[in-house]
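The values are calculated or read from the model by the stated rules, or taken from the named source; none is laboratory data. Please read these numbers as outputs of a predicted model, since none were measured by experiment. Here Cβ is always computed from backbone atoms with ideal geometry, including for glycine, and neighbour counts include all displayed protein chains. These accessible areas exclude ligands, DNA and RNA; they are computed on the full protein's heavy atoms, side chains included. Shrake-Rupley method; radii C 1.70, N 1.55, O 1.52, S 1.80 Å.
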Amino acid sequence: QCPWGAPNTTAISCSLADVMSEQLAKELQLEEENAAFPEVVAVAEGPFITGENTDTSSDLMLAQMLQMEFDREYDAQLRREEKKINGDSKVSISFENYRKVHPYDSDSSEDEVDWQDTRHDPYRADKPTTTPRRGFIGKGKDITTKHDEVVCGRKNTARMENFAPEFQVGDGIGMDLKLSNQVFNALKQHAYSEERRSARLHEKKEHSTAEKAVDPKTRLLLYKMVNAGMLETITGCISTGKESVVFHAYGGKSATEDKVIPPECAIKVFKTTLNEFKNRDKYIKDDYRFKDRFSKLNPRKIIRMWAEKEMHNLTRMQNAGIPCPQVVILKKHVLVMSFIGQDQVPAPKLKDVTLSSEDMKKAYYQILNMMQQLYNECNLVHADLSEYNMLWHDGKVWLIDVSQSVEPTHPHGLEFLFRDCRNVSQFFQKGGVAEALNERELFNAISGLNITADNEVDFQAEIEALEKMNEDHVQNHGKKLSMFSSDGDPPIYDE
């Protein structure tokens, strides 16, 4: 037969009804699907990949095989990176969560170690050893007592876990360390000391006034004043210093009719720490008004005495007619006074205001008069008088910060007065007041003591001698009125 001949084809005759039959169409479609995907259902229900008798005629099966092979290569790359990064380190990392083939569906994971397996705890002994009641183990030469160096060293290393979490001890048990009793006791003492120090610092932070802030106890006092209606509202901080923080507040209504609260108040909160002003005790311990109550071992009581001292000094000055803040109320270490200023704006300090020559001269004579009143009528020495503690308001000078003020009979009262005279004299001499006296002339004018000395050194020496005479008289007679007359006149010392 000729290969190029036409093949013999037998025409299959079918009727029009068979062509239009839907059942015949479905049978033909199933035959084509079975020819293309012979055993898809059987493979899905059987094993995933057997490696043998694998039918590669299905595109789905080929895709699954390629994906599995890619996942295994990816996991092998992760294991190589783990081994490279970890090395011989005792602390290792794992990429277990990033693996594609997990142990439950991977054949190669049977010989791998699960990094989350914690059945072997390095911090726990494999076999718990107990020390018998008799205190030793073994017999003869192999006897081991509870005081054995190795046993005690391992126990001391394990006891380090009982230290505070903040005390870093490291992984000592994993390295089989053996700490001696001396080293362990030193570490334990240091851990306890650090824990107590941390507690003290935390308590100090919680119970002390900070810069522009108050502690919870002080805040509670302020809340009580507002709730009682004494203060309407507290606006904010207006001044900070080494000894106190001053807030501005609007006054409310007083519980008693005889006491009038000013419309604007200044709240002076004395700091409950002595770190920034440690020398304040010398102003209190030798003051006979507070000497019996002074205790250097209790800083909180010293702060309350400091606030009480300013309240008493302001009351004396107010009774004498000296321009100063008016005392409203004292609660522990919180002193409420009248506000020197207007509309939340405090009056400027004398060092910050620019005065004309006439106002400067006027301010000098006002201060000179106030110092004489303070010394003669109030029987006080400011002890910290300078342009920083004098305000200019309504055309006159106001004195503030009198918590450190002492009486002239104080063992250092005359020294404080001479220091105030020096500050006032230097400020107004630099300000151009020609009538300003020098510190020695101003001291004699205020105190009434006619101390004659050619230089400042001899002048201060005579002041110290007078203070020593007064102190000796106090020790002998037990009172501080030896050099002062009863009518309030300034003392006169005769050699």
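Residues in region 331-366 that are more than 30 Å from Thr272 (Cα to Cα) and within 42 Å of the chain's Cα centre (by Cα): how many?
Selection size over region 331-366: 2.
Within region 457-479, can you find the residues that are modelled with pLDDT under 85 and either open to solvent by 40 Å² or more (accessible area, probe 1.4 Å) or more than 50 Å from the chain's Cα centre (by Cα) (or both)? Before you say what the answer is, go through the steps one by one.
Within region 457-479, the subset modelled with pLDDT under 85 is 467-479.
Lys468, Met469, Glu471, Asp472, His473, Gln475, Asn476, His477, Gly478, Lys479 - these are the residues of region 457-479 that are modelled with pLDDT under 85 and either open to solvent by 40 Å² or more (accessible area, probe 1.4 Å) or more than 50 Å from the chain's Cα centre (by Cα) (or both).
When the residues of region 124-151 are narrowed to those that are out of contact with any Lys or Arg (no Cβ under 8 Å at 6 or more places or on another chain) and in a helix (DSSP H, G or I), which ends up modelled with the highest pLDDT?
Ranking the qualifying residues of region 124-151, first place goes to Val151.
Please indicate, with yes or no, whether at least one residue in region 212-221 is in contact with a strand residue (DSSP E or B) (Cβ under 9 Å, 6 or more places away or on another chain) and modelled with pLDDT of 90 or more. Please lay out each step first, then the result.
First pass over region 212-221, keeping only residues in contact with a strand residue (DSSP E or B) (Cβ under 9 Å, 6 or more places away or on another chain): 212-214, 218, 221.
The next check asks that each one be modelled with pLDDT of 90 or more; those that pass are 221.
Yes, region 212-221 contains at least one residue that is in contact with a strand residue (DSSP E or B) (Cβ under 9 Å, 6 or more places away or on another chain) and modelled with pLDDT of 90 or more.
Being modelled with pLDDT of 85 or more and either of a type outside the set (D, E, K, R) or open to solvent by 10 Å² or more (accessible area, probe 1.4 Å) (or both) narrows it down to one of Phe484, Phe443, so name that one.
Phe443
Just to check your reading of the model, which residue among Val113, Val91, Val169 is modelled with pLDDT under 60 and either under 30 Å from Arg79 (Cα atoms) or within 47 Å of the chain's Cα centre (by Cα) (or both)?
Going through Val113, Val91, Val169 in turn, the sole match is Val113.
Just the residues that are within 22 Å of Glu441 (Cα to Cα) and out of contact with any helix residue (DSSP H, G or I) (no Cβ under 8 Å at 6 or more places or on another chain), please, taken from region 390-420.
Within region 390-420, Phe416, Arg419 qualify.
What number of residues in region 75-95 are surrounded by fewer than 14 Cβ atoms within 10 Å (Cβ to Cβ) and either polar (S, T, N, Q) or assigned to a helix (DSSP H, G or I) (or both)?
10
Let's see how each residue does on (1) part of a helix (DSSP H, G or I); (2) touching a Phe, Trp or Tyr at 6+ places or on another chain (Cβ under 7 Å); (3) crowded, with 20+ Cβ neighbours inside 10 Å; (4) at pLDDT 65 or above:
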site: Val260; (1), (2), (3), (4): no, no, no, yes
site: Cys265; (1), (2), (3), (4): no, yes, yes, yes
site: Lys268; (1), (2), (3), (4): no, no, yes, yes
site: Trp306; (1), (2), (3), (4): yes, yes, yes, yes
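Sort out which residues of region 252-267 are in contact with a Leu (Cβ under 8 Å, 6 or more places away or on another chain) and either closer than 12 Å to Thr235 by Cβ or basic (Lys, Arg) (or both), and write them in order of number.
The answer is Cys265, Ile267.
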